[in-house]
Amino acid sequence: MIVHHRLLRRRSAVFIVGLGVAAATSACAAGAQDALDTMLARPLTLGDAARLAAHGNAAAQEARYEADQATARIIQARSDLLPNASAYVQEHGTVINTATFGFSLPGFDPGGQLLGPVNTIDARARLSQTIFDWAALSRVRSARTAAVAGSAVANDAAEQAASVAALAYLRAQRADAQLSARTADSVLADSLLGIARDQLTAGVGVALDVTRAEAQVAAVRAQLIAARAERDRARLDLLRALGLPLDAHVRLADSLSALAMTDTLPNEQEAIARALEQRPDLRAAEQQLLAARQTANAIRAERLPSLTAFGDEGFLGTNGGNKLNTYQWGVQVSVPVFDGLRREGRVDEQQARVREIDVRLRDLRQQTAIEVRGALLDLTSSHEAVDAAREQLRLIEQEVAQARDRFRAGVSGNLDVITASLTLNSARTQLVDALASYQSARVGLARALGAVTSLP
């Protein structure tokens with residue numbers, strides 16, 4: 001019978017630690033839920049949506065748990081440098097056939113004779129400690145760097161989730177703006193239909209004008225139905241991006257036209273330098289490159305000798321009343337000589353990984369500069385497009401007003417008004433699209449800079 005005290009203690013410790021972790025996890029979950037309830041109790045801003053997704057999106061959570069796994073691997077790597085203690089109790093019985101000795105013993109049957117049984121009880125504690133192992137030290141350094149890289153990867157996943165949620169927020173705002181535009185078109189179409197019917201009743205209009213107005217009302221109604229469906233779908237996409245239940249109620253803080261617009265843009269070179277300094281995907285790639293190099297060094301360090309001290313002490317005897325204290329101790333030096341070139345193959349594999357990450361890092365830096373420049377170009381052009389769309393809308397609204405006054409006065413039919421209202425419908429849509437493009441460019445610039453979660 002062998003009793004592994006170390007295993008029993010470990011299971012007890014794991015159980016106790018597990019209870020503590022479960023309690024801490026429950027407390028953290030309760031705190032997170034309270035924060036979520038507080039955030040949803042007020043209208044949600046663009047920045048709120050980004051930060052909420054960075055915390056609650058499934059992809060961001062998965063990345064954080066992967067970072068926790070990388071942190072746990074530091075403890076695993078460090079275990080090679082810490083003491084290793086164990087204890088056991090063993091009861092052992094042996095029966096020996098003298099024929100297995102290979103020679104005859106005086107006084108024993110030459111054909112073989114059973115000796116025993118010999119019963120022994122051994123209770124022992126053992127301790128070993130690594131004194132020097134450069135490879136183990138290198139593995140700990142590599143694990144720490146990999147944990148930092150894992151944290152940077154988690155931050156990048158949070159930034160990506162925040163960017164997706166911010167764009168989903170803008171799509172929801174665009175859908176609301178489109179619905180408002182179609183509602184305004186519906187009001188205008190109903191007004192024109194009322195004027196046409198009044199003029200027909202008064203004998204100063206024609207039935208064709210009424211038919212045109214009714215067709216316009218039907219067309220706008222179809223657009224209104226589509227706009228409502230698009231709004232509902234955009235809200236579902238937003239909830240999905242935020243990681244919220246699909247029946248959650250979210251109020252958007254601002255309309256699309258009320259979001260901030262700025263006439264000043266950051267300097268291109270300063271923006272690129274800022275992006276290269278703070279983007280989490282770049283930090284992740286840099287730390288992964290460092291970890292790969294450290295892993296290669298750790299493999300090379302396995303060629304070096306390692307020094308370990310060990311000892312055990314216990315009681316050994318034939319029964320509980322006849323036992324003697326026994327012990328052993330020693331210092332062991334291990335010198336790797338030849339492992340069939342397996343270590344060299346691992347070094348070559350790790351060096352190839354170093355070169356792979358280095359290529360990816362250089363490409364990512366170039367891609368970062370391109371994304372920053374592209375975002376600044378998009379921001380400039382979309383700002384100009386908003387100004388042009390607003391001017392166009394102002395002029396078309398003036399055209400509609402003039403055409404309606406002429407139609408109400410009986411100077412002309414409603415064809416000019418219908419034509420102008422169709423142009424107004426298109427102009428409203430263009431303005432909504434231009435505003436959405438501008439705000440999307442803002443999010444794109446923030447993503448290029450690695451600052452989506454800092455949006456207001």
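The values are calculated or read from the model by the stated rules, or taken from the named source; none is laboratory data. Model, not experiment: these values are computed from the prediction. No Cβ is skipped: glycine too gets one built from the backbone with ideal geometry, and neighbour counts run over all protein chains shown.
Please indicate, with yes or no, whether at least one residue in region 246-260 is part of a helix (DSSP H, G or I), surrounded by 18 or more Cβ atoms within 10 Å (Cβ to Cβ) and modelled with pLDDT of 85 or more.
No, region 246-260 contains no residue that is part of a helix (DSSP H, G or I), surrounded by 18 or more Cβ atoms within 10 Å (Cβ to Cβ) and modelled with pLDDT of 85 or more.
Report the residue count in region 66-93 for those that are assigned to a strand (DSSP E or B) and touching a Leu at 6+ places or on another chain (Cβ under 9 Å).
Within region 66-93, residues that are assigned to a strand (DSSP E or B) and touching a Leu at 6+ places or on another chain (Cβ under 9 Å) number 3.
Hey, among the residues in region 168-206 that are among the polar types (S, T, N, Q) and under 30 Å from G47 (Cβ atoms), which one's surrounded by the fewest Cβ atoms within 10 Å (Cβ to Cβ)?
Only one residue tops the list, namely T183.
Please give the number of the condition I131 fails out of (1) closer than 30 Å to L307 by Cβ; (2) within 39 Å of the chain's Cα centre (by Cα); (3) among the β-branched types (V, I, T).
(2)
Give me a count of the residues in region 291-307 that are buried (at least 17 other Cβ atoms within 10 Å of the Cβ), of a type in the set (A, V, I, L, M) and not in a helix (DSSP H, G or I).
Going through region 291-307 one residue at a time, the tally reaches 0.
Find the residue count for region 378-396, including only residues that are surrounded by 14 or more Cβ atoms within 10 Å (Cβ to Cβ), free of Cβ contacts under 8 Å to residues at least 40 places away in the same chain and of a type in the set (A, V, I, L, M).
Final tally of qualifying residues: 2.
Under 6 Å by Cβ, and 6 or more places apart or on different chains, what pairs join a residue from region 435-456 that is aromatic (F, W, Y) with one that is at pLDDT below 90 and crowded, with 24+ Cβ neighbours inside 10 Å?
Partner pairs satisfying both residue conditions: none exist.
Is it fair to say A87 is touching a Lys or Arg at 6+ places or on another chain (Cβ under 9 Å), in contact (Cβ under 8 Å) with a residue 12 or more places away in the chain, surrounded by 13 or more Cβ atoms within 10 Å (Cβ to Cβ) and under 29 Å from G330 (Cβ atoms)?
In short, yes.
Can you tell me which residues in region 315-371 are touching a residue at least 24 places away in the same chain (Cβ under 8 Å), over 30 Å from P305 (Cβ atoms) and not charged (D, E, K, R)?
F315, L316, G317, T318, N319, G320, I357, L361, L364, T368, A369, listed by residue number.
Counting only residues that are polar (S, T, N, Q), part of a helix (DSSP H, G or I) and free of Cβ contacts under 8 Å to residues at least 12 places away in the same chain, how many does region 261-278 have?
1
Considering every residue within region 267-285, establish whether at least one is polar (S, T, N, Q), modelled with pLDDT of 90 or more and crowded, with 17+ Cβ neighbours inside 10 Å.
No, region 267-285 contains no residue that is polar (S, T, N, Q), modelled with pLDDT of 90 or more and crowded, with 17+ Cβ neighbours inside 10 Å.
Yes or no, residue by residue, for (1) in a helix (DSSP H, G or I); (2) surrounded by 14 or more Cβ atoms within 10 Å (Cβ to Cβ):
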| site | (1), (2) |
| --- | --- |
| A309 | no, yes |
| L316 | no, yes |
| F338 | no, no |
| R343 | yes, yes |
| T368 | yes, yes |
| E371 | yes, yes |
